[in-house]
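Novice: Supplied in structure tokens, the structure appears directly below.
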Amino acid sequence: MPAPLWICLGLVGSFVGIGFVWRLASRRRTIPCPVWLRWLVELDNPFTATNRAAVIVGHLELRPGMTVLDIGCGPGRVTLPAARAVGPTGAVIAIDLQPGMLRRAQERARAAGLDNIRFVEAGVGDGKLDVPAADRALLVTVLGEIPDREGALRSIFAALKPGGVLSITEIVFDPHFQRRATVSRLAREAGFVEKAFFGNRIAYTLHLSKPLQN
């Protein structure tokens, strides 16, 4: 068997092995992606287009001047293309609990020459989400990592402008995968209205809007 094929098989095996161990550990407690694995989440998933940064950002219909919350931003895989889309008159608020993830995202933003990103070390769902009113919010394979999902969605709802959109992306490869039915129920309870759905049952993006009038 050619060496490149062995290398590819080895990489696939590593992905599967890491995912399996992570999923087992996540059954006992919520475990966000550790900083030492940031390289894993910096890459677009090769098995589905749904989770690719360009696809997620493309669905958001961003315009110059918009404000975007990237919650659980990790190393900035989606943060950077969102910042480019809203331009210098817009802003992205990149939020993460792990300082190491934020440092990596900052390094990548500096290398890309982007200065319209504000980095915030914080959680969501504790009632302390102090951010400006946003046009869009992102939860990319993050919702299942949040202990208080209901509180988190209420906080995001409050942080969005009327008519604002929350984009939630889930893929079955993620140890904290959330089924569409679960996400839809939690979103409705927080006050959101379903706006659009992209993908399928195992890899999808769900858009939820904050009504113009409560």
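The values are calculated or read from the model by the stated rules, or taken from the named source; none is laboratory data. Not measured: the values here are computed from a predicted model. Note that we place each Cβ from the backbone using ideal geometry, even for glycine, and neighbour counts take in every protein chain shown.
Novice: Does the stretch 110-137 hold any residues that are touching a residue at least 60 places away in the same chain (Cβ under 8 Å), crowded, with 18+ Cβ neighbours inside 10 Å and aliphatic (A, V, I, L, M), and which are they?
Specialist: Val131, Ala134, Ala137
Novice: Having 2 or more residues that are farther than 18 Å from Val78 by Cβ and not hydroxyl-bearing (Ser, Thr, Tyr) is the bar; report the strands (runs of 3 or more DSSP E) wholly within the stretch 116-180 that clear it.
Specialist: 160-171
Novice: For the stretch 92-112, indicate whether the set of residues that are small (Gly, Ala, Ser), at pLDDT 95 or above and assigned to a loop (DSSP other than H, G, I, E, B) is non-empty.
Specialist: Among the residues of the stretch 92-112, not one is small (Gly, Ala, Ser), at pLDDT 95 or above and assigned to a loop (DSSP other than H, G, I, E, B), which makes the answer no.
Novice: Quick one: Gly127 ticks every box in (1) on the phi > 0 side of the Ramachandran plot; (2) modelled with pLDDT of 95 or more bar one, so which box is it?
Specialist: Failed condition: (2).
Novice: Going by what's in this entry, would Val55 be described as modelled with pLDDT of 65 or more, surrounded by 16 or more Cβ atoms within 10 Å (Cβ to Cβ) and in a helix (DSSP H, G or I)?
Specialist: Considered against the rule, which asks whether it is modelled with pLDDT of 65 or more, surrounded by 16 or more Cβ atoms within 10 Å (Cβ to Cβ) and in a helix (DSSP H, G or I), Val55 comes out as yes.
Novice: Quickly run through the stretch 92-109 and pick out the residues that are of a type in the set (Gly, Ala, Ser) and crowded, with 20+ Cβ neighbours inside 10 Å. Before the answer, list the steps.
Specialist: Initial filter on the stretch 92-109 (of a type in the set (Gly, Ala, Ser)): 94, 100, 105, 109.
If the condition is that a residue be of a type in the set (Gly, Ala, Ser) and crowded, with 20+ Cβ neighbours inside 10 Å, then Ala94, Ala105, Ala109 are the ones that fit.
Novice: I've got another one for you. What's the number of the condition Ala83 fails, among (1) under 13 Å from the mean Cα position of the chain (by Cα); (2) of a type in the set (Gly, Ala, Ser); (3) crowded, with 21+ Cβ neighbours inside 10 Å?
Specialist: Unmet condition: (1).
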